[in-house]
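The values are calculated or read from the model by the stated rules, or taken from the named source; none is laboratory data. What you see is a predicted model; the values in this text were computed from it and never measured. Using ideal geometry, Cβ is built from the backbone for each residue, glycine included, and neighbour counts are taken over all protein chains shown. The protein model used for the area step is the full one, side chains on, heavy atoms only, and it has no ligands, DNA or RNA in it. Shrake-Rupley method; radii C 1.70, N 1.55, O 1.52, S 1.80 Å.
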Amino acid sequence: DLNFFHKKINKNKINSVRMSIFKKISENNNLKKIFYLIFKDKIDLLVGNELAMQKQLNLSIQMPKDKSSVLTMHADTFNGESPFEVVAWLPLVDCYKNKSMYFINPNTSNQITKKLAKYSKIRSGGMKKIHDHLKNKKKYINIKFGEGLIFSPNFLHGNDLNTQNSTRFSINTRYKNTFAPSGLKNQLQFFKKIRETNLVKYGS
């Protein structure tokens, strides 16, 4: 039972274990196909026919009281990701409270993003000040094993210290339209085409 993974693995070894599993699942092309099929109907509707998938499957293991797994509040576009991506997130256990991830309301996120230049000025506090300002507005996602989540990484999100008595396991990856801008990242390096129409295929 992955919920009790922390009882089998020493906390000091979690990063090496995480990287070992991450490498194996990212090299498994069949697993990537299965992952896409889980979300296919919604991904195709949101992103379209010309579809590219991130080359790797990302793994999150968040053991109880493990400070190394905390992901502070952010929007992925702050790190150069395309604003036209969606993230497909699949928990492998039930996720709730701070065993899960949280989001800030989209309208609030947009308001903060518009003021980002103000927060980024010297001595203006940066993301820490944004986090302190919004810490009471976090909305944790309650999601059960067998369910999935698709979200826009443009909105502020993150995860806190897991104070529950069980471990969170989840896998995620990104999808975008092949012809949508790629942000600051090289599309050929980070994404792989997985669907294209015949019109594009024969016109290329």
Which numbered condition residue 111 fails, given (1) out of contact with any helix residue (DSSP H, G or I) (no Cβ under 9 Å at 6 or more places or on another chain); (2) modelled with pLDDT of 95 or more:
(2)
Matching entry among 23, 40, 32 (being closer than 15 Å to residue 174 by Cα, without any contact (Cβ under 8 Å) to a residue 40 or more places away in the chain and part of a helix (DSSP H, G or I)):
40
If you scan segment 45-57, which residues turn out to be touching a residue at least 40 places away in the same chain (Cβ under 8 Å) and either touching a Pro at 6+ places or on another chain (Cβ under 6 Å) or open to solvent by 30 Å² or more (accessible area, probe 1.4 Å) (or both)?
46, 49, 55, 56
Counting only strands (runs of 3 or more DSSP E) entirely within segment 101-204, those with at least 3 residues that are surrounded by 19 or more Cβ atoms within 10 Å (Cβ to Cβ) are 168-177
Output yes when any residue across segment 67-83 is open to solvent by 70 Å² or more (accessible area, probe 1.4 Å), modelled with pLDDT under 95 and among the basic types (Lys, Arg), and no when none is.
yes
When residue 23 is evaluated against the numbered criteria (1) in contact with a Gly (Cβ under 8 Å, 6 or more places away or on another chain); (2) open to solvent by 100 Å² or more (accessible area, probe 1.4 Å), which criterion, by number, is the only one it fails?
(1)
Among the residues of segment 164-202, which ones are closer than 28 Å to residue 65 by Cα and not basic (Lys, Arg)?
164, 165, 166, 167, 169, 170, 171, 172, 173
